[in-house]
1. Using a simple charge model, +1 on the beta-carbon of Lys and Arg, -1 on the beta-carbon of Asp and Glu, nothing else, what dipole does region 91-191 show about its Cα centre, in debye to the nearest 20?
2. Could you calculate the contour length gain from Tyr49 to Arg96, that is, 0.36 nm times the residue separation minus the distance between their Cα atoms, to one decimal place in nm?
3. Once Rh for the chain is found with the Kirkwood sum over Cα pairs, what is the Stokes-Einstein diffusion coefficient at 37 °C and 0.692 mPa s, in µm²/s?
4. Can you give the angle from 0 to 90° between the axis of helix 56-79 and the longest principal axis of the chain, with both taken from C-alpha atoms, to the nearest 10?
5. Would you please give the residues with an amide H less than 5 Å from that of Leu177, counting only those at least 5 places away or on a separate chain, with H modeled from the backbone geometry?
6. By how many nm would the segment from Leu35 to Ala130 lengthen if fully extended, with 0.36 nm per residue of separation less the alpha-carbon distance?
7. Based only on Cα atoms, what mean projected area does the convex hull of region 29-110 have, in nm²?
8. May I ask for the longest run of the chain untouched by chymotrypsin sites (Phe, Trp or Tyr not before Pro) that are loop-located per DSSP and have at most 16 neighbouring C-beta atoms (other than their own) within 10 Å?
Amino acid sequence: MTEAGRRLDRALLPLARALEGVNEGIGRAVSWLSLGMVLVTFLVVVLRYLFELGWIAMQESVTYMHAVLFLAGAAYTLRHQGHVRVDIFYGKLSERGRAWVDLFGGLFLLLPMCLFIFLVSWDYVAQSWAVWETSREAGGLPGVYLLKTMMLVLAGLLLLQGMASVLRCRLLLGGVLQRLDDELPPAGQPN
């Protein structure tokens, strides 16, 4: 590897680590929403069937938590290889072969799809913000515009994780990493 290539790798290591760190932190934080969903759903059922009480806002909060959990957690799931994959040939490939598949998939499928989602969602979200859209139900939650904004967050976080995955593939193909799922070595440390 040339000296310019080594300098590039030294610059890419902290960038890849930072991009993955963003999604790691967000994924761990929103994972708590699953507990919140269970508790609020339990409370809704208890209030309804034991006390004949109910609030639309409480029921809608479960939908909001569910949406945030899955839309903000999708990039975390991608980071940990948790999405469904049709694995006919991929599992039989060498580590370098998987890196090439992931590199091309990231560059020509994932990143363009994230940009597409962002672009087609922009006007929809902007219209919701323009009218400060609220729930259609009386007593429902305000802030539907915030919920719709999660589509842009999904695209942005997946874009960040896609760039981190592409960088990780580049680092493997450049000989910096031995495996795609290896922890990134600290910057400046030889591997």
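Read the figures in this text as sums done on the coordinates, not as results from a lab. Fair warning: this is a prediction, and the values are worked out from it, not measured in the lab. Every residue, glycine among them, receives a Cβ derived from its backbone with ideal geometry; neighbour counts consider all protein chains shown.
1. 280 debye
2. 11.2 nm
3. Rounded to a whole number, D works out at 172 µm²/s.
4. Roughly 0 degrees, rounded to the nearest 10.
5. Result for Leu177 returns Leu172.
6. On the way: separation 95, 0.36 × 95 = 34.20 nm, distance 3.26 nm.
Full-extension gain reported as 30.9 nm.
7. Average projection, Cα convex hull of region 29-110: 7.7 nm².
8. 133-191
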